[in-house]
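Colleague: Input: one structure, supplied below.
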Amino acid sequence: MPHRTDVADRRGLILDFAGVLTASPIDVHRAWCVSEGLAPGAWRSTLNDHPEGRRLYAALEIGEIGQAEWNEGTAPLLGAHVDPVNLMGRAWTRVPVARRMVALARAARAARAAGHRLALLSNSFGLDPFNPYEHVGIWDLFDAHVVSELVGMAKPDPAIYELALERIGLPAERCVFVDDHAVNLPPAADLGIATVHVTDEDEAVTELEALLGVTAVLAA
């Protein structure tokens, strides 16, 4: 549910990427692990629970290392037999786009004449050799891009939300921020941005349609 402000004239839509503009990757990652001869939860446990896995992913997010270096460092943590070549791409390539959310973003894009603006605010998981934004085909939808790898900071650092507002060119009270991780919402709300926590795509799109005054229309 969004944290609402008293201002109804919202024109800025700030979107997270993974889990918002894509479906949740959890099931795809579990299937990929099985295809690689790993336990189904190996991807998440390595990135979230293994100390070196956590360190490498945090470094990737803020651009201290690139995706190719992350691939080389993370593959052996997953398993001695795991090929590091395009590791991130292999794990992510089958994650489907969130079609209704992308349709909403396109509707907001089409309403630019009415003052709508879009910003991508994403904690990066690398851009090369696998670029997830180009793979899904959403990069050109946005007026502004704030990708953690490129700006050297990541959510929930309050400074990255301030940068998103600067780049979108609208005050906080005229913006909505959308993320699937609850921990990333309070810093935006503290700035006066309305927030929507995505736990269900359809419900989130309905909330956003009401907040922004646009309608998501799926292509036939």
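Colleague: Among the residues of region 100-115, write down those that are open to solvent by 10 Å² or more (accessible area, probe 1.4 Å) and in contact with a strand residue (DSSP E or B) (Cβ under 7 Å, 6 or more places away or on another chain).
Modeller: The one that is open to solvent by 10 Å² or more (accessible area, probe 1.4 Å) and in contact with a strand residue (DSSP E or B) (Cβ under 7 Å, 6 or more places away or on another chain): R109.
Colleague: Answer with yes or no whether A8 is open to solvent by 20 Å² or more (accessible area, probe 1.4 Å), under 23 Å from D179 (Cα atoms), at pLDDT below 95 and of a type in the set (A, V, I, L, M, F, W, C).
Modeller: It is true that A8 is open to solvent by 20 Å² or more (accessible area, probe 1.4 Å), under 23 Å from D179 (Cα atoms), at pLDDT below 95 and of a type in the set (A, V, I, L, M, F, W, C).
Colleague: Could you list, in sequence order, all residues of region 205-220 that are assigned to a helix (DSSP H, G or I) and either polar (S, T, N, Q) or closer than 24 Å to A154 by Cβ (or both)?
Modeller: Listed by number, the residues that qualify are T206, L208.
Colleague: Could you list, in sequence order, all residues of region 89-99 that are closer than 17 Å to F130 by Cα and surrounded by 14 or more Cβ atoms within 10 Å (Cβ to Cβ)?
Modeller: G89, R90, A91, W92, V95, V97
Colleague: I would also like to ask the following. On the given criteria, is A18 at pLDDT 95 or above and under 26 Å from A188 (Cα atoms)?
Modeller: Against the criterion (at pLDDT 95 or above and under 26 Å from A188 (Cα atoms)), A18 qualifies.
Colleague: Still on this structure: Condition test on S122, is it out of contact with any Ser or Thr (no Cβ under 6 Å at 6 or more places or on another chain), open to solvent by less than 10 Å² (accessible area, probe 1.4 Å) and at pLDDT 95 or above?
Modeller: yes
Colleague: Another one. Under 8 Å by Cβ, and 6 or more places apart or on different chains, what pairs join a residue from region 197-220 that is under 13 Å from A107 (Cα atoms) with one that is among the hydroxyl-bearing types (S, T, Y)?
Modeller: Filtered contacts from region 197-220: E209/T215.
Colleague: Does P40 meet the test of being more than 25 Å from D140 (Cβ to Cβ), open to solvent by less than 60 Å² (accessible area, probe 1.4 Å) and either in contact with an Asp or Glu (Cβ under 6 Å, 6 or more places away or on another chain) or among the basic types (K, R) (or both)?
Modeller: no
Colleague: For region 98-124, what are the residues that are in a loop (DSSP other than H, G, I, E, B) and either more than 14 Å from the chain's Cα centre (by Cα) or within 17 Å of V214 (Cβ to Cβ) (or both)?
Modeller: Residues satisfying the conditions are A98, A111, G115, H116.
Colleague: Which of the residues that make up region 125-154 are among the charged types (D, E, K, R), in contact (Cβ under 8 Å) with a residue 12 or more places away in the chain, surrounded by fewer than 20 Cβ atoms within 10 Å (Cβ to Cβ) and assigned to a helix (DSSP H, G or I)?
Modeller: none
Colleague: Going through region 75-88 one residue at a time, which ones are out of contact with any Asp or Glu (no Cβ under 7 Å at 6 or more places or on another chain) and either charged (D, E, K, R) or buried (at least 17 other Cβ atoms within 10 Å of the Cβ) (or both)?
Modeller: L78, D83, L87, M88 - these are the residues of region 75-88 that are out of contact with any Asp or Glu (no Cβ under 7 Å at 6 or more places or on another chain) and either charged (D, E, K, R) or buried (at least 17 other Cβ atoms within 10 Å of the Cβ) (or both).
Colleague: Anything in region 155-171 that is closer than 21 Å to F125 by Cα and either among the aromatic types (F, W, Y) or open to solvent by less than 20 Å² (accessible area, probe 1.4 Å) (or both)? List them, or say none.
Modeller: Hits for region 155-171 are K155, I160, Y161, A164.
Colleague: Can you pull out the residues in region 172-204 that are over 15 Å from K155 (Cβ atoms), open to solvent by 60 Å² or more (accessible area, probe 1.4 Å) and β-branched (V, I, T)?
Modeller: Within region 172-204, just T199 meets the criteria.
The values are calculated or read from the model by the stated rules, or taken from the named source; none is laboratory data. Predicted model, so just to flag it, every value in this text is computed and none were measured. Note that each Cβ is placed from the backbone with ideal geometry, even for glycine, and that neighbours are counted across all protein chains shown. Calculation scope for accessible area: heavy atoms of the full protein, side chains included, ligands and nucleic acids excluded. Shrake-Rupley method; radii C 1.70, N 1.55, O 1.52, S 1.80 Å.
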